[in-house]
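Chemist: Have a look at the structure that comes next, please.
Each reported figure results from applying straightforward, stated rules to the coordinates on display, with no laboratory input. The shown structure was predicted, so the numbers you read here are calculated from the model rather than taken from an experiment. Here Cβ is always computed from backbone atoms with ideal geometry, including for glycine, and neighbour counts include all displayed protein chains.
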Amino acid sequence: MSVDKESNTPLIIFGYAAVGKKIYERIKKEDSHKRVFFCDNSKDKQGIHGGVMVLSLEDVVTGYNDAAFIVASLRHSKQMYQQLIDVGIPTENISLDLPDDIIGEELAREQKQRMTALDSIHVEVNINKDCNLNCTGCDHFAPIAEADTLELDIFKKDMIRLADVMAGHIHRIILLGGEPLLNKDLLEYVRIARICMPDTEVFIATNGILLGKMDEIFWSVLKENKTGLLVTKYPVKLDYDALRKKVEEKGIVWKYLGSSESGRSLWHFPLDLTGKQNAVDSFLHCANANSCHTLERGRLYTCSIAPNIKAFNRFFEKNVPLADDDGIDIYKAKSADEILKFLAKPIHFCRYCNVKKRTYDHPWRVSKKKIEEWTL
């Protein structure tokens, strides 16, 4: 965690999250007078927080390009390093080395959280499986999926049941795909979600490509039903800044999904078709576990890969099994507590995810529909 710079040179921690904050505390403890700032891609994080300045990359370029930098990320350091290089930061000013104890503490915290029943979750619902972008290695298997549009009556029934059994324990419903803007009945899903979940955030997760073609009815329904957009920014010919301005002028909330404000890179999440992985280890080390809670026709899953495996099996004529008890039946569950505890434990399907071989920050590209995109 060292960059050889003069002691009076500003130090910028790239990544305003748990790891970066721990590094900041350690540096300030060792030298309380050291000038330390953060930099983050998310506009929501930029500004002053508790007396700490969080800069944008533009701020860095104009005022701090001679600073020393520490890239503070467990999984996306490669992409973040390249961002700094792209804006002109010399390689000798950038450190990727993080203290082993801080890495260990953060990994342990993540693992503990995965095995802890959460009080409130977000629920993702695939309203269709097809997509207009088809990213290599998509963990929803969109490039090889059929449309498989979720029936409106099933969606409504599931929303009513969720609102009943999970009252007060769902803070967000996300309608996604595939690409949900391809679904001709999208606005009906929006209306149903809002009626069933009047106090819950409702968002549509989209790549944004079709947003410029949506009519006024689309925007009025979103506004009327307090439904926002979760946008993933892809390296395609699309003016995301202009789109965001248009969306916000219409009174619609626009958020970037995860760190996608910096531009989407790809990951490789290989399956183990033999099912020889240790399910507990896979669960503990999986960033999706007890995080990407997915509702699939009456069953809730702890991640997004398991309920979408049907597309992989069909396209490649494989038989990665999805057992009934890999998801919990929301109609048989007697309480929210039962559901939340289920989501916080490994499932049989975890044996088929080779989590330790996952890699991140690959250049974005369109899928060639080769099995190697989802295996080793």
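Chemist: Would you work out the charge dipole size for the chain about its Cα centre, treating the Cβ of every Lys and Arg as +1 and the Cβ of every Asp and Glu as -1, and quote it to the nearest 20 debye? Let's see the in-between values first.
Modeler: Values: 52 positive and 54 negative charges, 83 e Å.
My answer is approximately 400 debye.
Chemist: Where does the charge balance sit around N278 when Lys and Arg score +1, Asp and Glu -1, over other residues with C-beta under 10 Å from its C-beta? The partial results should precede the final answer.
Modeler: Working: positive: K276, R351, K356; negative: D281.
Counting the neighbours of N278, the net charge comes to +2.
Chemist: Still on this structure, please answer the following. I'd like the antiparallel share, as a percent to the nearest 5, of DSSP beta bridges with both residues in segment 222-360.
Modeler: 70 percent
Chemist: Can you give the charge dipole size of segment 114-178 about its Cα centre, rounded to the nearest 20 debye, using +1 on the beta carbon of Lys and Arg and -1 on the beta carbon of Asp and Glu?
Modeler: Roughly 200 debye, rounded to the nearest 20.
Chemist: Decide, for segment 116-373, between rounded, prolate and oblate: order the square roots of the alpha carbon gyration tensor eigenvalues as a ≥ b ≥ c, take rounded if a/c falls under 1.5, and otherwise choose prolate if a/b is larger than b/c, else oblate.
Modeler: Since a/c reaches 1.5 but b/c is at least a/b, the shape of segment 116-373 is classed as oblate.
Chemist: With +1 on each Lys and Arg Cβ and -1 on each Asp and Glu Cβ, and nothing else charged, work out how big the dipole of segment 11-99 is about its Cα centre, in Debye to the nearest 20.
Modeler: Dipole magnitude for segment 11-99 comes out near 380 debye.
Chemist: State which entries of K129/K246; K246/K368; K129/K157; K345/K369; K43/K246 exceed 24 angstrom in Cα-Cα distance in the structure shown.
Modeler: Details: K129/K246 27 Å; K246/K368 34 Å; K129/K157 20 Å; K345/K369 32 Å; K43/K246 17 Å.
In this structure, K129/K246; K246/K368; K345/K369 exceed 24 Å between Cα atoms.
Chemist: Which listed residue (S56, V36, L84) has the Cα farthest towards the positive end of the charge dipole for segment 11-99, taking +1 on Lys and Arg C-beta and -1 on Asp and Glu C-beta about the Cα centre?
Modeler: Going by the charge dipole, the pick is V36.
Chemist: Provide the packing ranking of 94-103, 62-71, i.e. peptides ordered by the mean count of other C-beta atoms within 10 Å per residue, highest first.
Modeler: Per-residue mean Cβ counts within 10 Å order the peptides as 62-71, 94-103.
Chemist: With unit charges on the beta carbons (Lys and Arg positive, Asp and Glu negative) and the dipole taken about the Cα centre of the chain, which residue among I94, Y234, M166 sits farthest to the positive side?
Modeler: Ranked along the dipole, the leading option is M166.
Chemist: Here is a further query. Which order, highest average first, do 205-212, 175-182, 296-303 follow once you tally other Cβ atoms within 10 Å for each residue and take the mean per peptide?
Modeler: Ranked by mean Cβ neighbours within 10 Å, highest first: 175-182, 296-303, 205-212.
Chemist: Would you mind pulling out the separation of the Cα centroids of segment 206-253 and segment 144-177, in Å?
Modeler: 21 Å
Chemist: So which of K233/K318; K78/K112; K226/K255 end up more than 22 Å apart by C-alpha?
Modeler: Beyond 22 Å: K233/K318; K78/K112.
Chemist: Considering the dipole of the chain built from charges on the beta carbon (Lys and Arg +1, Asp and Glu -1) around the Cα centre, which of F203, L186, I217 is farthest to its positive end?
Modeler: L186
Chemist: Where the centroid of each part is defined by its Cα atoms, how far is segment 1-78 from segment 303-366 in Å?
Modeler: 36 Å
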